[in-house]
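These notes are about the structure you will find just below.
The values are calculated or read from the model by the stated rules, or taken from the named source; none is laboratory data. These numbers were taken from a predicted model, which means no experiment stands behind them. Please note: Cβ atoms are built from the backbone with ideal geometry, for glycine as well, and neighbour counts cover all protein chains shown.
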Amino acid sequence: MERLSAANTQFSLNLFKKISGGNTSKNVFYSPISISSALAMVSLGAKGNTAVQMFKDQIHSSFNKLMSELKKPGVQYVLSLANRLYGENTLMTQKTYYKAELEEVDFKKKSEAARVNINKWVEKNTQEKIKNLLPQGSVHDATKLVLVNAIYFKGNWEKKFPKEATRDGQFKLNKTQTKPVKMMHQESKFPLAFIPEMDSQVLELPYVGKNLSMLIILPNEIQDETTGLQKASEIFCLCLL
């Protein structure tokens, strides 16, 4: 799974650039593993040159192993990664990977009912956090296939931040701008590393059980006109090559 991990990290950084669209003033929140697993499902139906472009060695078996590892018994977090295809019964599917299922629906005559059904499935698999994913008009009588990927995560940090220690602080947006925000505080020991090539610090915040962690990358200085993260991410991409 090492190759999958490296490839997914590279993909997540490239995707970040596309999603942000160069706008560094807004927050971006997304799940690379969720999106890449959905695209990997699409690649199962690709043939010829398209398949050559989308397939990598053992990518599907690697995803299957990863999903099993994330959902192994005894973990102390909730992580739901669900995939489902909605389409005609003539479509071929691979249920072996990604825990995916194909549901046959009548897009031609009952597109609105199909849309409502899909939204209910997403809501159920995200603990009711994501509602009305597909707005009215997004599914119609010409729709042949809908690939839905839903992810939900809930975990507790191994070392919680005391609520009473939260206080106001100034968060740097760029070289000249700051924004007042609520900042959490605690004194404890955490894994901390310094990456000279990125001129950044990396802090690890493990979740209970230490199976998963949150990584925070903090540039030591803002060396460009944005947040400083753009240069750090570019160097990080080069380190992966």
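For SER36, indicate whether it is touching a Leu at 6+ places or on another chain (Cβ under 9 Å), surrounded by 13 or more Cβ atoms within 10 Å (Cβ to Cβ), at pLDDT below 75 and among the small types (Gly, Ala, Ser).
Working: touching a Leu at 6+ places or on another chain (Cβ under 9 Å): yes; surrounded by 13 or more Cβ atoms within 10 Å (Cβ to Cβ): yes; at pLDDT below 75: no; among the small types (Gly, Ala, Ser): yes.
The answer is no for SER36.
LYS110 versus (1) closer than 14 Å to SER37 by Cβ; (2) at pLDDT 80 or above: which is the lone unmet condition?
Among (1) closer than 14 Å to SER37 by Cβ; (2) at pLDDT 80 or above, the lone unmet condition for LYS110 is (1).
I'm trying to understand the selection: among the residues of segment 72-105, which are modelled with pLDDT of 75 or more and among the basic types (Lys, Arg)? Steps first, please.
To start, the set of residues in segment 72-105 that are modelled with pLDDT of 75 or more comprises 72-87, 103-105.
Listed by number, the residues that qualify are LYS72, ARG84.
Note down all Cβ pairs under 7 Å where the first residue falls in segment 133-156 and is part of a loop (DSSP other than H, G, I, E, B), the second is among the polar types (S, T, N, Q), and they're at least six residues apart or on different chains.
Filtered contacts from segment 133-156: LEU133/ASN119; LEU134/ASN119; VAL139/SER111; HIS140/SER111; ASP141/SER111; THR143/SER111.
Within segment 133-147, track down each residue that is exposed (fewer than 15 other Cβ atoms within 10 Å of the Cβ) and at pLDDT below 90. Lay out the reasoning, then the answer.
The first filter runs over segment 133-147 and keeps only residues exposed (fewer than 15 other Cβ atoms within 10 Å of the Cβ), leaving 135-138, 140-142, 144-145.
Answer for segment 133-147, where residues must be exposed (fewer than 15 other Cβ atoms within 10 Å of the Cβ) and at pLDDT below 90: ASP141, ALA142, LYS144, LEU145.
I need the full set of residues from segment 11-29 which are modelled with pLDDT of 80 or more and in a helix (DSSP H, G or I), in order please. Walk me through how you get there before you give the answer.
First pass over segment 11-29, keeping only residues modelled with pLDDT of 80 or more: 11-12, 14-16, 18-19, 28-29.
Across segment 11-29, the qualifying residues are PHE11, SER12, ASN14, LEU15, PHE16, LYS18, ILE19.
Taking GLU128 as the residue in question, decide whether it is among the acidic types (Asp, Glu), part of a loop (DSSP other than H, G, I, E, B), closer than 29 Å to PRO32 by Cβ and in the same structural domain as ASN83 (by TED's automatic domain parsing).
Values: among the acidic types (Asp, Glu): yes; part of a loop (DSSP other than H, G, I, E, B): yes; closer than 29 Å to PRO32 by Cβ: yes; in the same structural domain as ASN83 (by TED's automatic domain parsing): yes.
So GLU128 passes the test.
Enumerate the pairs (first residue in segment 208-232 and at positive phi; second residue anywhere and at pLDDT 90 or above and acidic (Asp, Glu)) with beta-carbon separation below 9 Å, excluding pairs fewer than 6 apart on the same chain, so at least 6 apart or on different chains.
GLY209/GLU158; LYS210/GLU158
What about SER5, is it modelled with pLDDT under 75 and assigned to a helix (DSSP H, G or I)? Even if it seems obvious, please write down each step before you answer.
Details: modelled with pLDDT under 75: yes; assigned to a helix (DSSP H, G or I): yes.
Yes, satisfied.
Has segment 164-171 got at least one residue that is of a type in the set (Lys, Arg) and touching a helix residue (DSSP H, G or I) at 6+ places or on another chain (Cβ under 7 Å)? Step through it out loud before you land on a result.
Keep residues of segment 164-171 that are of a type in the set (Lys, Arg), which gives 167.
With touching a helix residue (DSSP H, G or I) at 6+ places or on another chain (Cβ under 7 Å) added as a condition, the list becomes none.
No, there is no match, as no residue in segment 164-171 is of a type in the set (Lys, Arg) and touching a helix residue (DSSP H, G or I) at 6+ places or on another chain (Cβ under 7 Å).
Among the residues of segment 51-71, which ones are more than 17 Å from ARG3 (Cβ to Cβ), at pLDDT below 65 and surrounded by 12 or more Cβ atoms within 10 Å (Cβ to Cβ)?
Matches in segment 51-71: ALA51 only.
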